[in-house]
Structures are given as C-alpha cells and as structure tokens.
C-alpha cells in the first residue's frame, strides 16, 4: 500500500510532468474535546489534532502564477500573485489564495507555484478541513521560500486568511491545533495569551477511545449564524462592562459573576452563560484527565453539549439525537457535539471493547429516526503540521 507521500507525488507528476521535484507537507484536522465557542472570546480550548488531514505537494514553476489541482474535487485553479482576489467558482482554492495574500501583505515576495492538494478530512463535518488546508499552505510556502517563520506566527497568518480573505470570523483554535498538535496529547490553549500546554491523554491506557460521529448534516459557517453568535457575545461584554470594570471579553467574566450574567437580556444571558461555564469545564476537564478520572471528564462532555444546545443554541435535532443514542450505549462516559455546530459531528468517550456495539446501535438508531447514514470514526491524537520526509 502506498504512503500519503507516494500517492500525492504520483498525482503531482501526472498533473505537472515538467515540474521540479516537489516538497510534500501534511497538516491534520482536529476534533475539539472541550471549549466550544470560547476561542473568539479569548477563552480556553482543548482540541486534539487527529490522524486525518491535508497533504500538499508543491514546487516553484518560474512564473508569477499559482496553479492548483485538487484531487478531491478533480478540479484545477490558477491565479496570479499580482491579483490575489477570491474565486467565486473554485471556492476551495480561496484558503490557499488567502494564505498567499497574507504573506504578500507582510512583505514577502512569493514565487509562482504548482500545487496538488488531497485531503481525507470529512468535508463540512466540523473537523477543520479548512484550517488544515490553510496551515498546510502556510507551512509549504514558508519551507519552499526558506523564510523560516515562527510556527505561532504562521498560525496567526492562517487564521487571518480565513478571517479577512474567506470571510469566516473564526477564532485561532483550529489553526493552532493543526500546527501544534502532538501524538497522544491534546492541546490546552489560552486563546488570549496563546500560551499552551500539551496534556497527555489517558484514554487508550484506560481502554477508551474517542469516537466521532458525523451527522451527515452539512454546515457552512459563512452562511450560518456563527458571526451572529460572535456579535451577541460582544454585546454581552458591552453590557457587563457597565458593572464589571475592565473586562475586554467574556474570558474576564468568572463563575462568581453568573448572577450578573443572568440579569442580561435573555439571549445575551444565554450566550454569555455558555462561554463562562464552558471555560470552567475546560479547566475542570484537564484536572480530571490529570487525575485519571474519565468518569468526571465524560460528565463534562455531556454538560457541554447541554449548554451548547440550550444556551448557545448551535446544536440541532440530529446532533441531539446522536448524543442521546451514544449515551444509551452501555459504558459510554459522555458525548457532545463538537465544532461550531449547525450540523457536523458529535464525539463520545467509548470503551474500546464496546466500539462495535456503539457503531451498530448509533448507526441503526440514527438511520431509523432520520433516514441518514451516520459516518463513525475513531481518531487517534496526531502530530501537528510539517514536511513529510
């Protein structure tokens, strides 16, 4: 069986037979264990990079053009480095265009490239295929040009590409997890300071696995209420600032301030309450893992889902059904939607011995209720982005 590198090199040579030998990089997707919709509120998140991602091969072509072939879409796109604007027809290429634009805005002189991109992150499932694409492009461009930029600076650049070029007002978690993940660890990230710790995961040692169930309900963040949620959080901060001096974001609102939060207009109170309690769940979850208490960690997962469903209102009936089905399987310690919501995936902490039963019961129950066939994966925590040697 051919490796990821061998497969993409074959594709590259087929698409660009006259090109030089390309550099190949890989960037993983991510699944977020705890800390949802906290990142753009300067809060805490706890994602893990997963063993699916984006593979990208690229070589200079001696022009000012970037030529891209997407294996997944069987589609080509080309653009001039002198005119970095979004494509209305090949929207998948905008993540790469945006990364090129951000390097250009920093004053870096880009050379023309031939690129081939292939990914095995489920599209639209909330596992950050877009962030992996941006991070892969940033790592590849940096390595090919020999710029040797700091990895955290590349993370920020990839985020700006999505914010300013693609038009999704995302936080920094997805790009950070894709870049900085480590095998058998999850990443605790303070989204204000960008300080981070790699936290060992005791799941496998204790006989548990993180199962990810794709609802097959597509969600598009640009077209969803994602940006509205961000505005509502900012509105809550503005009102809370009249009582709590010096707060800059919901990160600055502590659990002891919940009575003030609950006094906000109903919608703003719900949004703020979710963020404040979710930040607390991240800290409590890490303590539970450090103590080897997977029961407590599982309870926090489920509590997070209820908050996302009831207070942040980013779940939907299909995700709620999957969580209910998952929790109905004996031995499952907790489950919740993961990602921005409005579709996508749930995660569940499942005993390895019960994975077969979990897959059968969740798949069958979901199909009977919705007519949809869920995709069920078991991902391992993976290393972050870099060249494939």
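If you scan segment 310-333, which residues turn out to be touching a residue at least 24 places away in the same chain (Cβ under 8 Å) and on the phi > 0 side of the Ramachandran plot? Passing the criteria: only 313. Here segment 350-371 is the region considered, the condition is being surrounded by 15 or more Cβ atoms within 10 Å (Cβ to Cβ) and outside any helix (DSSP H, G or I), and the residue that is farthest from the chain's Cα centre (by Cα) is 351. Every condition in (1) out of contact with any helix residue (DSSP H, G or I) (no Cβ under 8 Å at 6 or more places or on another chain); (2) closer than 30 Å to residue 365 by Cβ is met by residue 270 except one, and the failing one is (1).
Out of the residues in segment 325-342 meeting the condition of being part of a loop (DSSP other than H, G, I, E, B) and in contact with a strand residue (DSSP E or B) (Cβ under 9 Å, 6 or more places away or on another chain), tell me which one is surrounded by the fewest Cβ atoms within 10 Å (Cβ to Cβ). Per the stated criteria, the residue is 330. Among the residues of segment 175-203, those that are out of contact with any strand residue (DSSP E or B) (no Cβ under 8 Å at 6 or more places or on another chain) and in contact (Cβ under 8 Å) with a residue 60 or more places away in the chain comprise 192, 202. If you check 213, 152 for being crowded, with 24+ Cβ neighbours inside 10 Å and either part of a loop (DSSP other than H, G, I, E, B) or touching a residue at least 12 places away in the same chain (Cβ under 8 Å) (or both), only one passes: 213. Candidates are the residues of segment 308-318 that are modelled with pLDDT of 95 or more and touching a strand residue (DSSP E or B) at 6+ places or on another chain (Cβ under 9 Å); the one that is surrounded by the most Cβ atoms within 10 Å (Cβ to Cβ) is 308. Just wondering, is there one or more residues in segment 223-237 that are in contact (Cβ under 8 Å) with a residue 12 or more places away in the chain, farther than 30 Å from residue 91 by Cα, surrounded by fewer than 17 Cβ atoms within 10 Å (Cβ to Cβ) and touching a helix residue (DSSP H, G or I) at 6+ places or on another chain (Cβ under 9 Å)? Yes, segment 223-237 has at least one match.
Which residue is nearest to residue 99 (Cα to Cα), if the candidates are limited to segment 159-174 and must be out of contact with any strand residue (DSSP E or B) (no Cβ under 9 Å at 6 or more places or on another chain) and assigned to a helix (DSSP H, G or I)?
161
When segment 295-304 is filtered for residues that are surrounded by 22 or more Cβ atoms within 10 Å (Cβ to Cβ), touching a helix residue (DSSP H, G or I) at 6+ places or on another chain (Cβ under 7 Å) and more than 20 Å from residue 254 (Cα to Cα), only 297 remains. The set of residues from segment 175-210 being in a loop (DSSP other than H, G, I, E, B), in contact with a helix residue (DSSP H, G or I) (Cβ under 8 Å, 6 or more places away or on another chain) and over 17 Å from residue 150 (Cβ atoms) comprises 184, 191, 192, 201, 202, 203, 207.
For segment 94-117, check the following and say yes or no: at least one residue is surrounded by 14 or more Cβ atoms within 10 Å (Cβ to Cβ) and modelled with pLDDT under 95. No, because not a single residue in segment 94-117 is surrounded by 14 or more Cβ atoms within 10 Å (Cβ to Cβ) and modelled with pLDDT under 95.
Go through segment 30-117 and tell me which strands (runs of 3 or more DSSP E), entirely inside it, have 2 or more residues that are touching a strand residue (DSSP E or B) at 6+ places or on another chain (Cβ under 9 Å), under 30 Å from residue 209 (Cβ atoms) and touching a residue at least 12 places away in the same chain (Cβ under 8 Å).
44-60
Residues in segment 123-149 that are more than 12 Å from the chain's Cα centre (by Cα) and not in a helix (DSSP H, G or I): 146, 147, 148, 149.
The set of residues in segment 1-20 being touching a residue at least 60 places away in the same chain (Cβ under 8 Å) and in a helix (DSSP H, G or I) consists of 4, 5, 7, 8, 11, 12, 15. Just to be sure, is residue 230 within 26 Å of residue 153 (Cα to Cα) and either in a strand (DSSP E or B) or at pLDDT below 95 (or both)? Here the answer is yes, as residue 230 does meet what is asked.
The values are calculated or read from the model by the stated rules, or taken from the named source; none is laboratory data. Please read these numbers as outputs of a predicted model, since none were measured by experiment. A quick note on method: Cβ atoms are made from the backbone with ideal geometry, for glycine too, and the neighbour counts reach across all protein chains shown.
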